[in-house]
Amino acid sequence: MCLNQDLQDLRIYRIMVFDLLSESRFARFKRVKIKNLLFIIFLILFTAVFSPQVLAEEKAPHWSYGGAANPTKWSQISTEFAMCELGRDQSPINIDDAVQGTPINIEFNYKPTPLSVVNNGHTVQVNYKSGSTININGEKYELLQFHFHTPSEHTISGKASALELHLVHRNGKGQLAVVGVMMAKGTTNPLIEQIWKHIPAAGKNNIVQNSTISAANLLPKNKAYFSYTGSLTTPPCSESVKWNVLAEPIQVSEEQIEAFQNLYQVNARPVQPINGRRIEFHG
């Protein structure tokens with residue numbers, strides 16, 4: 001009776017020890033499994049964050065108007081810029097031999113906006129709040145921003161102006177329409193003076209407190225214009241841009257021209273082949 005009890009107790013003890021050992025092994029296995037799972041998660045996150053695609057997005061391809069990244073090299077900098085060489089409807093162009101188009105006026109509806117000046121390293125840009133539009137042949141486009149080039153990117157009968165203003169618009173379909181305004185040497189332009197005073201350092205945005213402007217004050221009295229289908233004049237050189245270049249320039253002083261050229265000596269893409277495109281004059 002006692003021996004049987006002892007044997008039974010021994011069996012119970014062995015079972016308890018086996019269970020403890022099993023639990024210990026399971027716990028160790030569970031810890032190892034969790035560690036492995038965490039390591040796998042870490043690898044996935046590391047790959048996602050530091051993948052070449054993400055790094056490429058953080059470091060945009062560098063392009064310029066001079067040196068090794070000049071306009072003749074833009075298509076070689078990135079595959080995203082291929083249209084800069086392959087496109088057949090590129091901008092700017094020399095405006096010449098325009099045909100008389102239908103008398104379509106551009107309806108300008110520019111409202112005042114808080115002054116927000118950006119120096120993006122390529123030009124001086126003024127961002128515009130929503131609500132200002134143009135209407136071309138029944139199609140409405142909203143003004144997004146305007147910026148400057150020196151010398152003018154477009155030429156008219158082979159002649160360039162000191163500066164060119166580009167007013168960039170987009171419609172509800174995502175299509176772009178740009179109004180170009182030639183800026184010739186003459187009298188001081190008060191609005192340009194206001195903008196120039198607030199140009200920040202390269203890569204900075206200066207939101208000027210209690211200061212508003214209106215792009216309507218950068219338009220000439222005569223709104224006759226040339227139209228053609230072209231592209232962005234900067235990478236990625238996307239096409240199907242509706243260009244409208246006003247025939248009459250506005251005036252800026254020699255000091256205002258020099259002030260911009262002290263920042264950007266040249267920031268204009270050379271004129272591109274017309275390739276049989278139709279240029280119309282509306283006046």
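Quick note: the coordinates plus some simple rules give every number you see, no bench work behind them. Worth saying up front: this structure is predicted, and the values here are computed from it rather than measured. Every residue, glycine among them, receives a Cβ derived from its backbone with ideal geometry; neighbour counts consider all protein chains shown.
Nearest 20 debye, what's the magnitude of the dipole of region 148-283 about its Cα centre given +1 on Lys and Arg Cβ and -1 on Asp and Glu Cβ? Let's see the in-between values first.
Numbers: 12 positive and 9 negative charges, 90 e Å.
With Lys and Arg at +1 and Asp and Glu at -1, about 440 debye.
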Response to the item:
Computed from the beta carbon distance with a Förster radius of 35 Å, FRET efficiency for Ser253 and Ala69 to the nearest 0.05 stands at 0.65
Worksheet entry | Whole-angstrom gap from region 120-164 to region 208-278, using each part's C-alpha centre | 4 Å
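Rule-of-thumb check for region 87-282: C-alpha Rg over 2.2 N^0.38 Å?
Numbers: Rg = 15.9 Å, N = 196, 2.2 N^0.38 = 16.3 Å.
Taking N as the residue count of region 87-282, the ratio is 0.97.
For each pair in Lys129/Lys242; Lys185/Lys242; Lys129/Lys204; Lys140/Lys242; Lys173/Lys242; Lys111/Lys223, compute the distance between the two Cα atoms and list the pairs where it is over 24 Å.
Too far apart for the 24 Å limit: Lys185/Lys242.
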